[in-house]
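Comments concern the structure below.
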Amino acid sequence: MEKGFHAFNQASPRKRLEESQALIEEGFKLQQQGHFESASARFEAALVLSPGHPTALQLLGLIAKHQGDLARARSLMQRSLQTNPKQAHVWNNLSNIYLESGDVTASLHAIDEALRHDQTYLDARLNRARLRIRLGQYALAQHDVAFGLEQAGVEAPKFLQLQAQLLNHEDRSTEALCCLDKALALSAHDGLLHHDRAVTLHRLGRYNEALEAHDGARRLGVHHALSEYNIANTYQALGKLEQAQSAYVRACELDPTNVLAQVDLARFRWRQADSSWDATIVSALSKAGRSNANLHGAYGQLLWASGNILGALNAWRCAASLDAGNAHWRDAIGRAMVRAGDVKQGLQKQQAVLDQDPSNPVFQASLATSLLIAGDIQAANHHVQKTRDLLPEDQYAWALQELCWRALDEGKHRWLCDLDRLLHVYDLHPPGGWKDLESFHRDLAAELISLHHDSREPLDQTLRQGTQTIDNLFDKPLPCVKALEHESRKIIEQFLLDLPDDKAHPFLGRKNRHFRFKTSWSNRLFWDGFHTNHVHPAGWLSLVYYVEVPDVCLEPTGKQGWLQFGRPEAAMPSIFQTLKEVQPRVGRLVLFPSYFWHGTYPFQANTNRIAISADIVPATT
């Protein structure tokens, strides 16, 4: 044996390289056949002959990844790149390993390195586009997708799929559907394309077609938590509540730690007035033990929305103990402590989080809110201004600024919150096709009531004692709704045209004759129903339109069911009082900046109060 070893050492470097290459080729064939142990043995032997051989190292890394040993896989890929850092495909593989390990930042860095060495590497372009979409870097993702589409070839369907995702993000779902149809013409048996087509059809309100597309995806082998979750959403939109609940349950069974499925099943059951609304997520947490921080954190958010502040605090403490590096859980703990009455300790925790990440606008706004609740308006104003610097168009930041300036600077407050100039009330004429408003609203109310399938209000919305529709109302192919949208557009266009110019103003400075409805929905309030005081963070201009109004709301003395502006959420100091009230009337449309605090007074009547709301944002085209 010693002689053989000595003889091996005497072999020429070229001979050893040839022998190692033969072993690698043999091992690769075995790997392709699924014989991983035999393949690993060949690669290890090749490394004895040629220490540091980059191909043997990276192929061993792929086997380690397949076996679930991500740490070893990462180490082997890194060793391969130390020998030859110009291997674009190895950087791409390393990126996938980082992503599977949950390190999105490192994954993006690795894929950038892959493309630095080979700009035409389409698989890396595809992976980077997916990563950028995941990180919300949509413009950068579009660059990679456009490059991939220019190259076309066999990868074209995958790039068309990503193009559709980007178009859906921009609420251009009709164009997204065209992209997916093109992709399916090239790759008709791709189940994931059928799944994405189903999701896009859902966004367009074509729910029955969406279910058919989901069936097609399932026949092609797509059966995972996300697909069942999306099927549940479509059943829910159709009012098929039993089927929706079953699909949500299947999603949770396929992946008990899937946050989307667990959260939306709990929210669904809440809206059906199910007292065991959180049973499935609690069960998943008990089985996962203390091993899933995100699920604990999500449960905390549900409890917070339900008004269970102490329950939320405990859930967030569990999340933070499992993932100490996640500052969002620590900030949430501080917020909950302030609401629970431990103001000093809560503020200290929030300040500590902000000290570690002062450029984070979420933490700036969170601390500003808590300081306002604590009554320290000067300190709150400092953090509000920091938030505005970081996110100049953020509606919640301007809502907080309105409160601070109301207390500290009358002139700035009047400039920001001029209700006489920025809040407008219109009474509509009947749209074309209806002889009078009464017949129009009778038909409109029937359309809306057909969409109200739930028994009570959503868990995380502002209405109390009522129900709210799901999905974007103005996307639905309903004649009366479309007629109202058309009439509303004309009013909004004139409203914007009449407004003065002021480039420095957070609302007037974004004035644009082009706009789009970002979200729209209907709410229905019952006896004692009302809206808590709130703002619309996702909007710029907000709208409310009254479809049915109880007679009691028409009495000016009691102001039951009236819309009020100026009073913030209940936890804020009592110095912030109502600034203006608007009486609801059938056919009345109200427009106001989305950062205006508003809510409604309760009413006592056996008839419903039905309204439509929408958020509008500027558009470039």
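Per-residue ellipticity at 222 nm from helix content only, as computed over the chain with -39500 (n - 2.57) for each DSSP H run of at least four residues, stands at -19000 deg cm²/dmol. Sorting Glu100, Glu438, Glu44 by solvent-accessible area of protein heavy atoms yields Glu438, Glu100, Glu44, largest first, with a 1.4 Å probe. Overall, the chain carries a charge dipole of about 720 debye about its Cα centre when +1 sits on the Cβ of Lys and Arg and -1 on the Cβ of Asp and Glu, all other atoms neutral. What do you get for the angle between helix 36-49 and the principal long axis of the chain? Use alpha-carbon atoms, 0 to 90 degrees, nearest ten. Here the helix axis deviates by roughly 60 degrees. Across the alpha-carbon atoms of segment 320-365, the computed radius of gyration and Dmax are 10.0, 28 angstrom. Once the Cα atoms are used to define both axes, helix 104-117 deviates from the longest principal axis of the chain by about 60 degrees. Within straight cross-link reach of Lys29, meaning Cα distance under 18 Å, which lysines are found once same-chain residues fewer than 8 apart are removed? Straight-line reach from Lys29, under 18 Å: Lys65. Applied to segment 543-560, the Karplus parametrisation 6.51 cos²θ - 1.76 cosθ + 1.60 on θ = phi - 60° returns per-residue 3J(HN,Hα) values of 9, 9, 9, 9, 9, 9, 9, x, 4, 4, 6, 7, 7, x, 6, x, 6, 5 Hz, with x for Gly and Pro. Among the lysines, select those whose C-alpha is under 18 Å from the C-alpha of Lys490, and discard any that sit fewer than 8 residues away in the same chain. The reachable lysines, counting only those whose Cα sits under 18 Å from Lys490, are Lys482, Lys511, Lys518.
Under Stokes-Einstein, with the Kirkwood radius over Cα pairs as Rh, the value for segment 105-188 at 20 °C and 1.002 mPa s is 167 µm²/s. In the context of the full protein assembly, Phe526 retains an accessible surface of approximately 60 Å², using a probe radius of 1.4 Å and ignoring ligands and nucleic acids.
For Arg516, the amide hydrogen comes within under 5 Å of the amide hydrogens of Val617, Ala619, counting only partners 5 or more places away or on other chains and with H modelled in the peptide plane. In order along segment 188-204, phi translates into HN-Hα couplings of 5, 9, 7, x, 5, 5, 4, 5, 5, 5, 4, 5, 5, 4, 4, 4, 8 Hz, rounded to whole numbers, per the Karplus curve 6.51 cos²θ - 1.76 cosθ + 1.60 with θ = phi - 60° and x for Gly and Pro.
Put simply, when 322-334, 52-64 are sorted by average Cβ atoms within 10 angstrom per residue, most first, you get 52-64, 322-334. Between helix 361-374 and the chain there is an angle of about 40 degrees, using the helix long axis and the longest principal axis of the Cα atoms. Along the Cα→Cβ direction, 7 angstrom out, place labels at Asn326 and Gln243. What is the inter-label distance in nm? If labels sit at Asn326 and Gln243, their model points lie 3.4 nm apart.
For segment 266-316, the relative contact order comes to 23 percent (Cα pairs under 8 Å, sequence separation of at least 6). According to the square roots a ≥ b ≥ c of the eigenvalues of the Cα gyration tensor, what is the shape class of segment 185-295, taking rounded for a/c under 1.5, prolate for a/b larger than b/c otherwise, and oblate for the remainder? Here segment 185-295 falls in the oblate category.
A compact globular protein would have a Cα radius of gyration near 2.2 N^0.38 Å; the ratio found for the chain is 1.14. Per residue, the accessible area of the chain comes to 46 Å², computed with a 1.4 Å probe over protein heavy atoms only.
The mean sequence separation of alpha-carbon pairs under 8 Å and at least six residues apart, normalised by the residue count of segment 197-329, gives a relative contact order of 14 percent.
In straight Cα distance, which lysines are under 21 Å from Lys559, not counting same-chain residues fewer than 8 positions off? Partners found: Lys580. Note on the chain: with neighbouring protein chains present and a 1.4 Å probe, carbon and sulfur make up 51 percent of its accessible heavy-atom surface.
The values are calculated or read from the model by the stated rules, or taken from the named source; none is laboratory data. Just so it is clear, the structure is predicted and the values come from calculations on it, not from any experiment. Ideal geometry is used to build each Cβ from the backbone, glycine not excepted, and the neighbour counts take in all protein chains shown. The accessibility values were calculated without ligands, DNA or RNA, using every heavy atom of the protein model including side chains. Shrake-Rupley method; radii C 1.70, N 1.55, O 1.52, S 1.80 Å.
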